[in-house]
């Protein structure tokens, strides 16, 4: 039996992932946070699922997310 090293949560359900699924877990978390920044619909315990303000965490996250997305596109272009 494989060792469980990561878990992801979706719609209240928790899914345990094998240690070999680290990249999947990291990608899942990234896209979950990215979508949260665009889906503020009231009170939430998630720091990015809220209204955008001048001093909200959205701005720093978006700067970082943009760099990640640019690296992904560059990698795709290199492998095409």
How large is the Kirkwood hydrodynamic radius of the range 39-80, in angstrom, based on all distinct alpha carbon pairs?
-> 12.1
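Using only helices, what value at 222 nm comes out for the chain when you add -39,500 (n - 2.57) per DSSP H run of length 4 or more and divide by the total residues, to the nearest 500 deg cm²/dmol?
Numbers: 2 runs with 36 residues, N = 80.
When only DSSP H runs of four or more count, the value is -15000 deg cm²/dmol.
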Mean separation of Cα pairs under 8 Å and 6+ residues apart, divided by the residue count of the chain: what relative contact order is that in percent?
-> 16
Of the listed peptides 52-61, 27-36, what is their order by residue-averaged count of other C-beta atoms within 10 Å, with the highest listed first?
-> 27-36, 52-61
Using distinct alpha-carbon pairs, which all enter the 1/r mean, Kirkwood radius of the chain in Å = 14.6
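Laboratory data are not the source of any read-out in this text; all were calculated from the coordinates shown. In this text, all values refer to a predicted model and were calculated from it rather than measured experimentally. Heads up, the Cβs are rebuilt from the backbone with ideal geometry, glycines too, and the neighbour counts pull from every protein chain shown.
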